[in-house]
Amino acid sequence: MEPSNKILLESGTNELEIVEFRIDELDGKGNVVPCYFGVNVAKVREIIRLPNTRKVVNANPSVSGMIKLRDQVITLIDLSRALNKNCEGIVADRVIVLEFNRIIVGIQVHSVSRIYRISWEHVEPPVKAIHDANITGVVKMEDRIILILDFEKIIGELSSTMALAAPTDDLMLAHSSINRNEKTILVADDSAFIRKTMCGTLREAGYQVVEAENGEEAWEYVCTVRQQCADSGKAVTDSLHLVITDIEMPRMDGLHLTSLIRKEGTLDKLPVVIFSSLASEDNMLKWRDLGASGILTKPDLPHLVEKADTLVL
C-alpha cells in the first residue's frame, strides 16, 4: 500500500485509496444489516486479527482495552460502540491499526473487504438526510454506499489526550494587541468538528474567516476573489490573505487545490498552509515541493495563529 499511496500524495491527482470495512448492526427483527465504511489508506498502518486484549479500568465504554503490537501498547476502540450500533452477538475480530495526528490506535471492526482507488470527485459530502457528524464523505458504489468516517472527531471525543489542543489563554493574550481585522483567511476542511475549532481560533484572534467544506468550494471562492480583483485592478492578496486547507476532502482534496493555486500566475503571492493529520516527514517534503507556504499537523493547533501571523502580517 505504501508505494501507491506515496504516488497519489506526490502527484496531486485528486485521487485516494480507501480501505473498505464493515460494522454490521441488527434491525428491529434481529436481522443483520451490513453497513459499509471507509478510511484513507494513508492512515492505515496495518490490519490484524484481534489479539489478546487487556481491559482498562474506568475507560470510556467504546474503549475495548489495550493491545500489544510489536512492543508497543496501543488503545483499542470498539467502533460499533463509538457509532452507537446495535451489534449484540456480532463478533468484531478484525483490527485496523491507524496512525494519524502523531497517535497510533486500533479500530475494532467486523470485517475488512478490500482497497479501492477512487477520485475525490466521486466522494460526495454527506447529504442532509444523514444526520451523523462522524461522517465526512459518501462514496456511491454500484450496489452499496461507503461512508467515510471522521476518525479525528471520533477518537478526540473518546480521549482528551488525543483531542485537538486549542490555544491557551496566555498564548491568545500574548497576541491580543495585534490588529488582524482587515485580514481574511479561507479555511477549507470537510470536518465540521475541526473546521469549527480552527475558524473559532482564528476569529478569536481577530481574523476575518471564510469557511469552505471541501477543496472544490474553496477553489470556487478563490476564483471569485481573483475575478473581482481583476475587475477592480487590485492584487488578489489585497482581498484574500491566506488559504489554510486540509488534504482529505470530498470533491477536491487539498493537494489538488494547492496545485491549482500555484498554477495561476495571479495567485503566486497567495500563501497556502496545509493543515493535516497525514503530515509525516516524507509527505511534508512533497507538500513543500507542491508549493505549500507552511505545514501544520493537527496537534499543532495552538500554533495556528502564530503561523498565520508570520504569513499574513
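What the table below lists for this structure:
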item	result
The chain: most fluctuating residue of ARG54, ARG180, ARG262 per GNM, C-alpha cutoff 10 Å	ARG54
Among ILE18, ILE74, ILE261: highest mean-square fluctuation, GNM of the chain, C-alpha pairs under 10 Å	ILE74
Calculated diffusion of region 65-112, Stokes-Einstein form, Kirkwood radius summed over Cα pairs, 20 °C and 1.002 mPa s, µm²/s	187
In Hz, Karplus ³J(HN,Hα) per residue of region 138-155 (6.51, -1.76, 1.60; θ = phi - 60°; x = Gly, Pro)	10, 10, 8, 8, 5, 10, 6, 10, 9, 9, 8, 9, 8, 5, 4, 5, 4, 5
Estimated FRET transfer efficiency when R0 is 45 angstrom, pair VAL73-VAL127 (beta carbons, to 0.05)	0.70
Table column - 3J(HN,Hα) (Hz), region 44-58, Karplus curve with 6.51, -1.76, 1.60, x for Gly and Pro	8, 8, 5, 10, 9, 6, 4, x, 4, 10, 9, 5, 10, 5, 6
Cα shape, region 2-158, gyration tensor, a/c 1.5 rule	oblate
Cα-projected label distance for SER239 with LEU50, points at 7 Å along beta-carbon direction, nm	5.6
P(r) of region 249-313 over all Cα-Cα pairs, binned every 5 Å from zero, in whole percent	4, 16, 27, 25, 20, 7, 1
Whole-Å semi-axes of the ellipsoid equivalent to the chain (Cα gyration tensor, √5λ, descending)	36, 22, 18
Angstrom value of the Kirkwood radius, inverse mean 1/r, which spans all Cα pairs in region 169-312	15.2
In nm, spacing of pseudo-spin labels at LYS140 and GLU306 (7 Å Cα→C-beta vector)	4.6
Karplus 3J(HN,Hα) series, Hz, for region 220-228 with 6.51 cos²θ - 1.76 cosθ + 1.60 (x for Gly, Pro)	4, 5, 4, 5, 5, 5, 4, 5, 4
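Only the coordinates and a few stated rules stand behind these numbers; no lab work does. Owing to the predicted nature of the structure, the values given are computational and were not obtained by experimental measurement. All Cβ positions, glycine included, derive from the backbone under ideal geometry; neighbour counts span all protein chains shown.
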